[in-house]
Structure formats: C-alpha cells, structure tokens
Amino acid sequence: MSSPETWRNWSESALNKLGTMYIYDLDFSEIEQLTKSWNEPGFRAKQIWSGLYKNFWQSASDFTNLPGTLRVKLAESVQFDSLVPAIKQVSSDGRTIKTLFALKDGLKIEAVLMRYDRRRTLCISTQVGCAMGCTFCATGQMGFSRNLSSGEIIAQVMYYAKMLHEENDRVTNIVIMGMGEPFHNYENTISAINRLNDAEGFHFGARRFTISTSGLIPAIRKFADEKNQVNLAVSLHASDDESRSKMMPVNNKYHLEDLIQACRYYVEVTGRRITFEWALINGVNDTPEQAVRLAKLLNGLLCHVNAIPLNPTTGFTGQATTRERAEIFKQTLEQNGIPCTIRIRRGIDIQAGCGQLASQEKIGAGERQANHLDQEAG
Ligand code: SAH
Ligand code: SF4
C-alpha cells in the first residue's frame, strides 16, 4: 500500500490537471491570499468565508454582499460545483435521504442524511471506492479509484447543510463512514474537519464528528497524538487474526494485537472512549464464543461495541444475523464487561447503505450498511 501522502499528492495533482480550484478546497488564509492578489480590502475574505459557511451560498452570483466585479472575478477563478447531485432517494418515512453525487471527472460518490428524533446525522465519503478490499463491503468490492480532495468532502456536508438550513434545521452529527477509508486519505479528511470546525465559518463541533477506520495503526497513533475531540470508531468484525484477515485484508499488515495496542494508546492519550464496529454475520462472528473472545481482547479498555446485522452484498455470501442471535451476542459481551448496542436497520428501503446506489449505477458493486450512520456521537 502507498502512504497516505502519496495518495493525497496523486489526488491533488489529478484535480490540478483538470484545471480546477474548488472554493471548498481553500482555507481561510488561501481565500485571503486570493482576494489580496486581486487588490481587494482585507474584509473581503471574511465576507466570502461567511457567505460560504454561514449563509450556505453555493455559487458566485449568491454573494450579494460583494461588488459585482468581484463576483465576476470569483466566478472566473474558482469553481463552486465540485459535485452535483445525480440521483436522490428518499426513504418511505421521508427521514433518510441518500444522494449519489457526480464529481467533475464523472466518478460518483454517496452521502446520506438520516433524521431521527432531534438528530440530523450525515454520513459522508472520503474516497471513490476503497483500496482496503474488505470482502463483505460494497465499496471494498468496487476497488479504489481516487481520494476525494478536502473540498469534495466538505461539499457533501454543505449540500445537506443548505438543504436543512432552508427548512430551518441543521446538521447535528457527521460520521465519516461513507465510501472509502478516511485514514487512507488522512490529510484531506483532517483538513476538511478543521475547515468545517472553524469558529468564523461553519463552526461544527469536533465532538460531533466520528471517523471510522478499518485499523491503519500508524494513522490511529498519529490521530491520538493530535488530541482533538473527534470520535474514533474502529471496524473489528473478528477477534482473531485468522478470521479477521479473511474478511479484512488490512489485517495482514496490521495485526489484531497491535491494533488493540494502538487503540489502548488512543484511549490513554485522549481519555476518550473508542467505538468498535462489528457487522454480525450469521454463524460466522455472532456466536457467544466470539463475544467472550472479543470481551477478553477488549478487557479494561474504555470502549463500546456497536454491533449491526450485516447488510448482505452481492459480492459476499454471508447473511445477516437474526434478532435473537444479536441479542445473545450483546448480552454475552455485557456479562463480560463490555457495553454493546445493537443498531437497527434504517433507510433500508432506499438502500441507504453507502455503495449501493453507486452499484445500481454500475460504477461498482454492492451495498453498505446504513446502520453505522446513526452513531452515538454527540
Ligand atoms: N472504511 C472505514 C469507514 C467506512 S465503512 C471503515 O471500514 O471503518 C463504515 C462501516 O461500515 C465499517 O464499520 C464497515 O466495516 C461497515 N460495513 C461495510 N460493509 C458492511 C456491510 N455489508 N454490512 C455491515 N457493515 C458494513
Ligand atoms: Fe474500505 Fe471500510 Fe469498506 Fe473496508 S469496510 S473496504 S475499509 S470502506
């Protein structure tokens, strides 16, 4: 596997070749530089920044707070539409909206909004496809195309933020659990979070983000050292190396014991609870024996297990566990001292699992479990 840096460079240069500078790719300081280069007064950058992130303006002509000449310059120099909605699906209860977005190079990604109680949770993508190749995962089955830029990650959020704003509502949680492995696109993912977190802009609290990783150990350690307040979820799905390597090839490189060591390090350094994800596959990893072994592995760690019945995909023979088996799994874990939540399926009638719409579009295979979306974060 190449380093995250290599992927990033590849992605950024691919975008540059397309001759694009997306507005959401720019930090505040870069917007300042741009307006300075146009001999504009210092406050213009702030006007643009708040137009983008407070007023949810999404085209140069929206910026009615700027002189017409500057609006024209903006339109000529920066692109606003790094992604455009191609297909939108709404669940029968109207609460879940899934959008397939077309990127400038024609590739497609998905992002989902789930409205439950007072939560407005977004699930966003960080890559087109994924290089990790987890056997049960639709995105893994489609392979890797490219990293998203930080701006393409942000654009997914701003699309839904604007939609909710128009209904006098707002995003409350963002889970980075859509297509791709966020720690394989580390820099762009973190800069997207930082830009969305900016107090003068969108001001989305760090604690309301959750990043989910398949277990890239160096990135987990780096993330721990950054000591920010973003939540971390780690996809485990198996409690021994042999089974985990079969399902998740990343385990051949980063073994389970070392992964758990890195998770212990994360909890030690940040004092934050870690979430472990576990897709319950009938007869495979949903037995009480598995639960006992998992509890031993996690012994003494400040954590929580988020177990979800597998969402079956075309490229994988495993089936979802039953409600009864899931309940026994949960009880066994809890009797052994590990808190566990079983997530119910949601948005299934619109196939809200990421990767699924993309698969219907024939850009890849399969589907992704939507249940992870409604994390406990925040
Ligand atoms: N790449 C990251 C984040 C995206 S996947 C990761 O793997 O953690 C988000 C979650 O969905 C992960 O826990 C992943 O293992 C899980 N997942 C993928 N395919 C699934 C399926 N078919 N059924 C249930 N969960 C699935
Ligand atoms: Fe990639 Fe996550 Fe799917 Fe594995 S589960 S293939 S890491 S998106």
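Here are the numbers:
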{"item": "Cα coordinate range in the range 133-227, projected on the principal axes (Å, largest first)", "result": "41, 31, 19"}
{"item": "Neighbourhood charge, 12 Å Cβ-Cβ cut-off, centred on Asn336 and excluding it, Lys, Arg +1 and Asp, Glu -1", "result": "+1"}
{"item": "Where only C-alpha atoms are counted, convex hull volume of the chain per residue in Å³", "result": "128"}
{"item": "Using alpha-carbon coordinates, inclination of helix 150-165 to the longest axis of the chain, degrees", "result": "90"}
{"item": "Relative contact order for the range 154-228, counting Cα pairs under 8 Å that sit 6 or more residues apart, in percent", "result": "32"}
{"item": "Low-density loop positions, trypsin sites (Lys or Arg not before Pro), the range 149-208 - DSSP coil, at most 12 other Cβ in 10 Å", "result": "Arg170"}
{"item": "Accessible surface, per residue, of the range 161-314 when the full set of protein chains is kept, probe 1.4 Å, Å²", "result": "37"}
{"item": "Proximal charge balance of Trp49 [Cβ under 15 Å; K/R count +1, D/E count -1]", "result": "-3"}
{"item": "Cα-based helix-to-principal-axis angle, 256-270 vs the chain, degrees rounded to 10", "result": "50"}
{"item": "Full-stretch length increase - Lys296, Lys36 - with 0.36 nm per residue and alpha-carbon distance subtracted", "result": "87.7 nm"}
{"item": "Distance violations [Cα-Cα > 32 Å] among Lys36/Lys88; Lys227/Lys253; Lys108/Lys253; Lys36/Lys227; Lys222/Lys296", "result": "Lys36/Lys88; Lys36/Lys227"}
{"item": "Cα Rg over Rh - the range 240-295, Kirkwood", "result": "1.00"}
{"item": "Relative contact order computed over the chain (Cα-Cα under 8 Å; 6+ residues apart), in percent", "result": "16"}
{"item": "Carbon plus sulfur fraction of accessible area for the chain, probe 1.4 Å, in percent", "result": "48"}
{"item": "Between helix 68-77 and the chain: long-axis angle, C-alpha atoms, 0 to 90°, nearest 10", "result": "50"}
{"item": "Karplus-derived HN-Hα couplings along the range 171-178 (A = 6.51, B = -1.76, C = 1.60, θ = phi - 60°), whole Hz, x at Gly and Pro", "result": "6, 10, 9, 10, 10, 9, 9, x"}
{"item": "Value of [θ]222 nm, deg cm²/dmol, for the chain, DSSP H segments ≥ 4, -39500 (n - 2.57) each, nearest 500", "result": "-11000 deg cm²/dmol"}
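The values are calculated or read from the model by the stated rules, or taken from the named source; none is laboratory data. In this text, all values refer to a predicted model and were calculated from it rather than measured experimentally. Positions of Cβ are generated from backbone atoms using ideal geometry, with glycine treated the same way; all protein chains shown enter the neighbour counts. Remember, those area values only see protein heavy atoms, side chains included, never the ligands or the DNA or RNA. Shrake-Rupley method; radii C 1.70, N 1.55, O 1.52, S 1.80 Å.
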